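Read the structure below first, then the notes.
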Amino acid sequence: MELTELKEDLVKGLNPVSFVRTFLTPDEWQEKVLNFNGKRLILNCARQTGKSTITALLALHRGLYYSKQLILLVSPSLRQSSELFRKVSDYLNELKIKPKLIEDNKLSLQFVNKSRIVSLPSSESTIRGFSNVNLIIEDEASRVPDELYYTIRPMLAISQGRIILMSTPFGKRGHFFDEWTKGDWERIEVKATNCPRITKEFLASEKQSLGDWWFKQEYMCSFEESVDSVFKYEEIDKAFEAEVETWDM
């Protein structure tokens, strides 16, 4: 590798935005994701805005330039896990100078620096064996069972690692909704109307076809009441927060 290439590689290692620009021009919100240095990041993003793309590149950057990292990609199903991992593999294959791998299969890879990227489906039994995790990316978090989320949280206790939840909303329920509304997180919201790659004409057509309820969730980042809900979420929440007078027996 020539001196110029070494300098460029050093810049990319220190600056994930520079690394990502090797492949694409990130949106402003995607740069915020790449530059985030905190522990908890939650992305409430419309469909097709680029959340999977940017987190796949973030995982690849972390694995390439940091040694002995364990990066987990968690999804609701094996198919979705495979899809997110495929994005990581595709970008890896686009690199001009490909790093050597000591492990390379359909759902995991390991670099010579001993960093691993592992993709897992939503199964508590298959994920409990992992510990000292440095980065967890939970894709389609609104569909991931709460018990799995509660299982992966302790994996960050020793490493003081980072967790990223990303999803479109799926009603006012589950850990994704709870963390978006109440948790101690850095929050980024990306509506379809804020994505330069999605046209107004397409959104108008979708709204007409899907109806208001689905359109708001899929494209406008809105947590809608379940269609079969008798009571509104705010009413239930308020009932639990109200003080209850106790009687001495």
Long-range neighbours under 9 Å by Cβ, at least six apart or interchain, first residue assigned to a helix (DSSP H, G or I) within the stretch 146-161, second surrounded by 12 or more Cβ atoms within 10 Å (Cβ to Cβ) and hydroxyl-bearing (Ser, Thr, Tyr): 148/122; 148/123; 154/131; 155/131
Close pairs from the stretch 101-126: first under 15 Å from residue 82 (Cα atoms) and modelled with pLDDT of 90 or more, partner among the charged types (D, E, K, R) and in a loop (DSSP other than H, G, I, E, B), Cβ under 9 Å, at least 6 apart: 119/106
Single unsatisfied condition, residue 171 versus (1) over 17 Å from the mean Cα position of the chain (by Cα); (2) in contact (Cβ under 8 Å) with a residue 60 or more places away in the chain; (3) under 26 Å from residue 79 (Cα atoms): (2)
Failed condition for residue 106, given (1) assigned to a helix (DSSP H, G or I); (2) over 27 Å from residue 21 (Cβ atoms); (3) more than 15 Å from the chain's Cα centre (by Cα): (1)
Number of the exception - residue 64 against (1) in contact with a Gly (Cβ under 8 Å, 6 or more places away or on another chain); (2) surrounded by fewer than 19 Cβ atoms within 10 Å (Cβ to Cβ); (3) aliphatic (A, V, I, L, M): (2)
Qualifying residues in the stretch 131-145 (those that are closer than 17 Å to residue 44 by Cβ and assigned to a loop (DSSP other than H, G, I, E, B)) - the one farthest from the chain's Cα centre (by Cα): 144
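The values are calculated or read from the model by the stated rules, or taken from the named source; none is laboratory data. Keep in mind that this is a model prediction, so the values were computed, not measured. A quick note on method: Cβ atoms are made from the backbone with ideal geometry, for glycine too, and the neighbour counts reach across all protein chains shown.
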